[in-house]
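Let me begin by presenting the structure, written as structure tokens, before commenting on it.
Just so it is clear, none of the values below were taken in a lab; they were calculated from the coordinates. Remember, predicted model here, so these are calculated numbers, not experimental data. Counting neighbours? That spans all protein chains shown, and the Cβs are built from the backbone with ideal geometry, glycine included.
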Amino acid sequence: IVHSPIRLHPCFPLVPASEPQFPHLRTPDSGDAVWNVRWALCTRRSSGAPVPGSGATIFALSSGQGRCGVAVIRTSGPASGHALRILTASGDLPPARHASLRLLSDPRSGEPLDRALVLWFPGPKSFTGEDCVEFHVHGGPAVVSGVLQALGNVPGLRPAEAGEFTRRAFAHGKLNLTEVEGLADLIHAETEAQRRQALRQLDGELGHLCRGWAETLTKALAHVEAYIDFGEDDNLEEGVLEQADIEVRALEVALGAHLRDARRGQRLRSGAHVVVTGPPNAGKSSLVNLLSRKPVSIVSPEPGTTRDVLETPVDLAGFPVLLSDTAGLREGVGPVEQEGVRRARERLEQADLILAMLDASDLASPSSCNFLATVVASVGAQSPSSSSQRLLLVLNKSDLLSTEGPGPGPDMPPHLLLSCVTGEGLDGLLEALRKELAAVCGDPSTGPPLLTRARHQHHLQGCLDALGHYKQSKDLALVAEALRVARGHLTRLTGGGGTEEILDIIFRDFCVGK
Ligand SMILES: Nc1nc2c(ncn2[C@@H]2O[C@H](COP(=O)(O)OP(=O)(O)OP(=O)(O)O)[C@@H](O)[C@H]2O)c(=O)[nH]1
Ligand SMILES: [K+]
Ligand SMILES: [Mg+2]
């Protein structure tokens, strides 16, 4: 009689719960029969959190769509090994986690499909924690659809839904929620800074930090509860409550610092707003076209050319940016241009970084002076806290300086010289932009892990609010409750006790095969 639970071979058919079966048990991987069991009571046990439709084995193309050198098709679930045997027409599974060359053929017609590399990952040592197989096939559309069709014909297999592989990995504890979000961001990362941030989150840095904070709260809670239960006894250490209080207050400071940084991680994820502004004809549209390397806006010697706000996503020095070209700021013009000026001012208010542009050969003009006295001076007067707007003053048309006009005087605020025509000064501008954007978005390679989503910010704020109640409470039962609420927010941030809705929102971002 074997008392210990035996993990059944993946090939073993799923049994109805608590019904005696008469299986021929085999050891995993090798396939050799070791026991001839007279009877066994086989029960199905669910593993971890419920996964919608788990139990089924899923398959999907995991590499990109379209013609490519190699395409990767993945399966996950208990029938993975069975599917691999059927497609390779072999009784043996290849050695675990080693690439093996096999001929794949259609199980129905026997027709060869491709000579492919196959990888067998028996659970739980796999991406999803379940038995997984990877087929690395030649990337032609006919091969890919042939293999997908063959897998679809294997009983117990069905096509995966979007994000289902990652969802199973989450359900089996292979990834926590912030890591899942990091993975989603990594798949969608378009710039270098986004990739670095996503990779740090996938590595679990944010989750790690939250777990540390939650632990501090658990300890404090234990101390408070001990005091409630044994407060009158002599055998409780002196100063238990005071010690807990010191730790909780330190935590409050750390959380506050993190929250002040909150918008930066989100900007890095979704793009910083950079708005180009200045008087008419300063060369704003020329700069937007130069930075985006495409003719986004019309450039012409006629002042008042740009009227609408024209926005274009660009990668500036590795940071994702939404760059807006706007109408030149001036008064006393027709109604259409006036509407353009109104829109320009509105967009200016949403800017994380303002690129203020003047014609260097025209600094004495009323429009230039007015612009310096209003827009540039007002942003410069803001307190230099992280939430305020930043501004770079660019004096364009430097190529005209030697021939016309005297150039910038000594009372001109800090600025950069540029010529959109010759390209002189562009490298300096890009370097200045990189520094400004690092301040706006946060530098993902250094510093603490950033909060990349509104959800993170919400839970940290919730935790901080609960700690506010903690400080105000005189009654120990209320103190304990406030600590419990605070800790709940931190666990929900990493997906402990996560609700289905959050999961649905996060996994919706994934594509099929991920
Ligand atoms: N010499 C010189 N001319 C430039 C430079 N940059 C732009 N220009 C010219 O200046 C004129 C105005 O350029 P735009 O880019 O349309 O200026 P803008 O600020 O967008 O103008 P509005 O949209 O009308 O407000 C065009 O004739 C450009 O060719 C430069 O660096 N040097
Ligand atoms: K113009
Ligand atoms: Mg323009």
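Which order, highest average first, do 168-180, 239-251, 77-89 follow once you tally other Cβ atoms within 10 Å for each residue and take the mean per peptide?
Numbers: 168-180: 22.5, 239-251: 15.4, 77-89: 24.2.
In descending order of packing, they fall as 77-89, 168-180, 239-251.
If you count, for each residue, the other Cβ atoms within 10 Å and average over each peptide, how do 318-324, 306-312 line up from highest to lowest?
318-324, 306-312
Under 1.5 on a/c is rounded, so check that first for the range 322-371, then, if it is not, pick prolate when a/b is larger than b/c and oblate when it is not; a ≥ b ≥ c are the square roots of the alpha carbon gyration tensor eigenvalues.
oblate
Straight distance only, please: which lysines reach the Cα of Lys471 with their own Cα at less than 17 Å, same-chain residues fewer than 8 apart left out?
Leaving aside lysines fewer than 8 places away in the same chain, those within reach of Lys471 are Lys219.
Once R0 is set to 60 Å, what does the formula 1/(1 + (r/R0)^6) return for the Cβ-Cβ distance between Ser365 and Arg108, expressed as a FRET efficiency to the nearest 0.05?
Given R0 = 60 Å and the Cβ-Cβ separation, E is 0.15.
Spin-label point model (7 Å from Cα, Cβ direction): what's the Leu290 to Ile187 distance in nm?
4.0
Compute the convex hull volume of the Cα atoms of the range 57-171, divide it by the residue count, and report the result per residue in Å³ as a whole number. Present the calculation step by step, with values, prior to reporting the outcome.
Values: hull volume 10.3 nm³, N = 115.
Once divided by residue count, the hull of the range 57-171 is 90 Å³.
With r as the distance between the Cβ atoms of Asp465 and Glu431 and R0 = 41 Å, compute the FRET efficiency 1/(1 + (r/R0)^6) and round to 0.05.
Plugging the Cβ-Cβ distance into 1/(1 + (r/R0)^6) gives 0.50.
Tell me, what are the semi-axes, in whole angstrom and largest first, of the equivalent ellipsoid of the range 273-441 as set by the roots of 5 times the Cα gyration tensor eigenvalues? Walk me through the intermediate numbers first.
Working: eigenvalues 86, 73, 61 Å².
They are 21, 19, 17 Å, listed from largest to smallest.
For the range 248-361, just say rounded, prolate or oblate: build the C-alpha gyration tensor, square-root its eigenvalues into a ≥ b ≥ c, call rounded for a/c under 1.5, and beyond that prolate if a/b exceeds b/c, oblate if not.
On the way: a/c = 3.09, a/b = 2.09, b/c = 1.48.
Prolate.
Would you kindly state how much longer the chain becomes between Leu101 and Leu478 on full extension, computed as 0.36 nm times their sequence separation minus their alpha carbon distance, in nm to one decimal?
Result: 129.3 nm gained on full extension.
Arrange the peptides 325-331, 198-204 so that the one whose residues have, on average, the most other Cβ atoms within 10 Å appears first. Show your work: numbers first, answer last.
Details: 325-331: 22.1, 198-204: 19.7.
Ranked from most to least packed, the peptides come out as 325-331, 198-204.
Name the lysines eligible as straight-distance cross-link partners of Lys435: C-alpha to C-alpha under 27 Å, and not fewer than 8 places from it in the same chain.
Filter leaves Lys284, Lys294, Lys397.
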